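The values are calculated or read from the model by the stated rules, or taken from the named source; none is laboratory data. Since the model is a prediction, treat every value here as computed from it, not as a measurement. Cβ sites come from the backbone with ideal geometry, for glycine too, and all protein chains shown count toward neighbours. The accessibility values were calculated without ligands, DNA or RNA, using every heavy atom of the protein model including side chains. Shrake-Rupley method; radii C 1.70, N 1.55, O 1.52, S 1.80 Å.
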Amino acid sequence: MAFRLGWKTSRSHWSFLQAVSSGFPLISWRTAGSCLDPEMKAYLEENTEVTSSGSLTPEIQLRLLTPRCKFWWERAELWPYSDPYWAIYWPGGQALSRYLLDNPDVVRGKSVLDLGSGCGATAIAAKMSGASKILANDIDPRMAITLNCKLNGLNPFPVLTKNILSTKQGKFDLIVLGDMFYDEDLADSLHLWLENYFWTYRTRVLIGDPGRPQFSGHSIRHQLHKLEEYTLPEPTQQDNSGLTTSAVWDFHP
């Protein structure tokens, strides 16, 4: 089955849940630019396209899978690396990134944790808006984040690729996460972790989501205040089963 018809329209969750349940210890932050595998870099550059169109943030260039790429149509099992969720600019992340670019005071001079960073767009938006320190966290985005930082003239920031939900973290001024409520079990784990973190550090939490059922029907919705809602560009609507809007929510447990 091609990526176009398979993983891309109903985001799989096995890799993140595997990390959550595996009990990985916290590792040191690693600078993304320190681990560029030349063979992988060449493969990703050959099979993705640099684009800034069709999203809410034309200011940000990203290396993504597009209809002009081979693996937009090719069978997913032929992709030689881990599932490339980072190669799609998900609508929740688009809303978060747009919000940070339009409201730089939210992040200026602050430390930011981008949870489930994916392509790194929201972390990039935070850096463009003046964040003082950024940690991107995801299972395997380091190469993608490195390439996308360089596309936007930024030095790659640290990336943590191990589980963060079962480890003790220091204080951040802001946590951002987009498109993470796509599975009920994961949503429950995230909700508990975010509540505990908020009451420990009083850190602000912003969530981006296009209104998926696992989010709209989750108990966390009673603890959220909508800050902004955006109409998604037509290409993003088409690529996300007709979702038409995406919103940014402020978490108030």
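Sorting 91-104, 126-139 by average packing, meaning the other beta carbons within 10 Å per residue, from highest down gives 91-104, 126-139. Averaged per residue, segment 99-243 has 39 square angstrom of accessible surface, using a 1.4 angstrom probe with ligands and nucleic acids left out.
Take the Cα of residue 162, step 7 Å along the line toward its Cβ, and report every residue of segment 96-137 whose backbone nitrogen sits under 15 Å from that point. Output list for this probe position: 137. Here residue 168 is the anchor, and the lysines within straight C-alpha reach of less than 28 Å, apart from those fewer than 8 places off in the same chain, are 110, 127, 133. A simple count of charges around residue 244, restricted to other residues whose Cβ falls under 11 Å of its Cβ and scoring Lys, Arg +1 and Asp, Glu -1, yields -2. Scaled against 2.2 N^0.38 Å for its residue count N, the alpha carbon radius of gyration of segment 39-178 is 1.02. As a fraction of the 1.4 Å probe accessible area of segment 163-253, surface on carbon and sulfur atoms comes out at 46 percent.
Relative contact order for segment 74-179: 31 percent, from Cα pairs under 8 Å spaced at least 6 residues apart, divided by residue count. Of all aspartates and glutamates in the structure, those lying under 14 Å Cα to Cα from residue 41, and not within fewer than 8 positions of it along the same chain, are 49, 140.
Within the accessible area of segment 37-118, the carbon and sulfur atoms contribute 49%, probe 1.4 Å, all protein chains present.
Shape index of segment 127-253: Rg/Rh, with Rg the Cα radius of gyration and Rh the Kirkwood radius from the inverse mean 1/r over Cα pairs, equals 0.96.
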